[in-house]
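K.L.:
Attaching a single structure in structure tokens format; questions to follow.
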Amino acid sequence: MSEIFPEGGQQHPIDLTINAQARSLQVHPWTTLLDLLREQLDLIGTKKGCDHGQCGACTVLRDGKRINACLTLAIMCDGADLVTIEGLASGDQLHPMQRAFITHDAFQCGYCTPGQICSAVGLAREGHAATPDVIREQMSGNLCRCGAYSNIVAAVQEALPLMRAAPQAQGDQQP
Ligand code: FES
Ligand code: FES
């Protein structure tokens, strides 16, 4: 922890919304959004894989757009509306993309899954065709070391039309 958050150094105030909750925080200028979520806010659903923008495990939604939290400084998120995997469900009701991943058994170890799901939710509002080839291309930044790709594509292909027809869950709303 001390290497991630060394003692001292000036912190800066930021205000943001995370999973529909307004938060006022103090962050060091070098703290990544990924470390802020995991180490300071205990939102550990967002995973750290490579920590270098290579794997997509840290994908979250910022103002509805998918981003790599490991490549984003927390201080750059002042005023942002963030949604993580913890914010997608509505109470006990899973997000349609979460349900589709379960229906299609689209995971094995599950480590990549939060990033896959957040990426797919972001993809839904980008207007691409929901064909397997397009989904594979548009989800190519999200790696799965277990090789669950065919099931992931099937899950995304099922959920995209549902989300576009009824964009009411967290992360689906247009800005
Ligand atoms: S942990 Fe961010 S892309 Fe791998
Ligand atoms: S389910 Fe194991 S890395 Fe994707």
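K.L.:
How big is the dipole moment of region 12-87 about its Cα centre under a simple scheme where the beta carbon of each Lys and Arg is +1, that of each Asp and Glu is -1, and everything else is neutral? Debye, nearest 20, please. Mind dumping the intermediate values first?
P.N.:
Working: 7 positive and 9 negative charges, 47 e Å.
About 220 debye.
K.L.:
If you don't mind, there's one more thing I want to ask. Would you report the distance distribution of C-alpha pairs in the chain as whole percents per 5 angstrom bin, up to the bin with the largest distance?
P.N.:
Pair shares across the bins are 1, 9, 18, 22, 20, 14, 8, 5, 2, 1, 0.
K.L.:
With the contact rule set at Cα under 8 Å and sequence spacing of 6 or more, what percent relative contact order holds for region 96-165? Can you show the working numbers first?
P.N.:
Details: 71 pairs, mean separation 36.9, N = 70.
Dividing the mean separation by the residue count of region 96-165 yields 53 percent.
K.L.:
Further, regarding this structure: For region 80-175, with only Lys/Arg (+1) and Asp/Glu (-1) charged at the beta-carbon, what is the dipole magnitude about the Cα centre, in debye rounded to 20? The partial results should precede the final answer.
P.N.:
Values: 5 positive and 9 negative charges, 25 e Å.
For this selection, approximately 120 debye.
K.L.:
If packing is taken as the average number of other Cβ atoms within 10 Å across a peptide's residues, how do 56-64, 99-107, 17-25, 149-157 rank, most packed first? Walk me through the numbers on the way to the answer.
P.N.:
Details: 56-64: 23.1, 99-107: 18.4, 17-25: 14.0, 149-157: 20.7.
Put in order of decreasing packing, that is 56-64, 149-157, 99-107, 17-25.
K.L.:
Can you find, among H95, L33, I44, the residue farthest towards the positive end of the dipole of the chain? Put +1 on the C-beta of Lys and Arg, -1 on that of Asp and Glu.
P.N.:
So the residue furthest toward the plus end is H95.
K.L.:
Take the Cα gyration tensor of region 12-87, multiply each eigenvalue by 5, square-root it, and list the three semi-axes largest first, rounded to whole angstrom. Before the final figure, lay out the partial values.
P.N.:
Details: eigenvalues 59, 37, 24 Å².
Taking √(5λ) for each Cα gyration eigenvalue gives 17, 14, 11 Å.
Taken together, the values in this text are just the output of simple stated rules run on the coordinates, not laboratory data. Everything numeric here is computed off the predicted structure, so don't read it as measured data. Cβ atoms come from the backbone with ideal geometry, glycine included; neighbour counts cover every protein chain shown.
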